[in-house]
Amino acid sequence: MERQTVRDVQMKILETMKYIDALCRKYGVTYYIMGGTALGAVRHKGFIPWDDDLDIFMTPLEYAKFKMAFEKSHNPKFILQEWKTTERYLEYAKVRMNGTTFIEEVFKDRKDLHQGIYVDIMMLHKVPLSRLVQKIVYVESKFVTLYGILQRNWKPKTKGQQIVVSIMKCLPCKLLAKLFYQHIYKYDDRTTNFMYCYWITPAKYKSGIFASFFFENPIDIPFEDTRLMGSSHIKEYLTYRYGDYMKMPSLEKQKAAVHAMIYDVKKDYTEYLK
């Protein structure tokens, strides 16, 4: 069998993203490339060479429009995996490609879960300018994140984490997660006096809160052989997130490696989960 590489995976991810982008443009859905994807677009004109994922932001309103567009498309090549409807999966949405494999360590025993190559869709929420409210939403987001990874048999690595996990085992976590999600979504209709936030991940407080102007109007950003939607203030966004974003990391950090236990751009994941 021909050896597959990170680049092979990237090309399947890009194919998935082109499909998402075409749907968004057809139905007037706004998204923004984010994180390492935005960094790769500016510094490398595409994927970071050693990276094997692609992440985009959507607000809940834009995501609702995207979901409707996705369902209308009836494309058998892709599926939409949602955090609210997928058992033991709470954090964000993925568009996965059928006929491919990307089995990660934390999901290796999940035969009920689609495990094809994917693009992540992260929810970009709004919070008031009040630091107190921001801190509350931050803590709620961390709870939801931790509850999600605990359901994937994540093991705490520090004494502090062990204490938090022990406390959570005594709490009605499912109910609390539902209530916290309601509060996290509470401010998404705001049109003034807000900041954007993205904390339902390992993101720390500062790296997960953004001035509203970062995501006011998207522009086309060159990415590989196409163009994707990105912030019109992408350089300010990258400086905020990474500091000197054009500085290359150490050679040790540049080692290309697919983060899946098993990946295959030609075979469906079900072949490996039998």
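The values are calculated or read from the model by the stated rules, or taken from the named source; none is laboratory data. Keep in mind the model is a prediction, meaning the values are calculated, not measured. Cβ: placed from backbone, ideal geometry, glycine included. Neighbour counts: every protein chain shown. Side chains included, ligands, DNA and RNA excluded: accessible areas come from the protein's heavy atoms. Shrake-Rupley method; radii C 1.70, N 1.55, O 1.52, S 1.80 Å.
From the list 145, 158, 201, the one residue that fits, being of a type in the set (Val, Ile, Thr) and either over 25 Å from residue 106 (Cβ atoms) or surrounded by fewer than 17 Cβ atoms within 10 Å (Cβ to Cβ) (or both), is 158. In this structure, is residue 57 touching a residue at least 40 places away in the same chain (Cβ under 8 Å) and under 16 Å from residue 21 (Cβ atoms)? Yes; evaluated as a whole, the condition is true for this residue. Within the stretch 66-80, the set of residues being open to solvent by 60 Å² or more (accessible area, probe 1.4 Å) and in contact with a strand residue (DSSP E or B) (Cβ under 9 Å, 6 or more places away or on another chain) comprises 67, 71, 77. Would you be able to say whether some residue in the stretch 252-274 is of a type in the set (Gly, Ala, Ser) and farther than 30 Å from residue 77 by Cβ? Taking every residue of the stretch 252-274 in turn, none turns out to be of a type in the set (Gly, Ala, Ser) and farther than 30 Å from residue 77 by Cβ. Contact list please: Cβ distance under 8 Å, first residue in the stretch 188-212 and over 16 Å from residue 148 (Cβ atoms), second residue open to solvent by 40 Å² or more (accessible area, probe 1.4 Å) and part of a strand (DSSP E or B), pairs at least six apart or on different chains. Short answer, once both residue conditions are applied: 209/195; 210/195; 211/195; 212/195. Restricting attention to the stretch 231-274 and to residues that are aromatic (Phe, Trp, Tyr) and either buried (at least 17 other Cβ atoms within 10 Å of the Cβ) or in contact with a His (Cβ under 6 Å, 6 or more places away or on another chain) (or both), the residue that is nearest to residue 100 (Cα to Cα) turns out to be 269. List pairs: first residue in the stretch 216-232 and modelled with pLDDT of 95 or more and of a type in the set (Asp, Glu), second residue loosely packed, with under 14 Cβ neighbours inside 10 Å and in a strand (DSSP E or B) anywhere in the structure, Cβ distance under 9 angstrom, at least six positions apart or on different chains. Between residues of the stretch 216-232 that are modelled with pLDDT of 95 or more and of a type in the set (Asp, Glu) and residues that are loosely packed, with under 14 Cβ neighbours inside 10 Å and in a strand (DSSP E or B), the close pairs are 220/227. Considering 46, 36, the condition of being more than 16 Å from the chain's Cα centre (by Cα) and not charged (D, E, K, R) is satisfied by 46 alone. Counting only helices (runs of 4 or more DSSP H) wholly contained in the stretch 3-110, the ones carrying 2 or more residues that are farther than 24 Å from residue 241 by Cβ and at pLDDT 95 or above occupy 6-27, 60-73. Cβ separations smaller than 6 Å between residues 6+ apart or across chains give the following pairs from the stretch 140-155 residues that are free of Cβ contacts under 8 Å to residues at least 40 places away in the same chain to residues that are hydrophobic (A, V, I, L, M, F, W, C): 143/180. Annotation: of all residues in the stretch 204-230 being basic (Lys, Arg) and closer than 27 Å to residue 83 by Cα, the one that is least open to solvent (accessible area, probe 1.4 Å) is 206.
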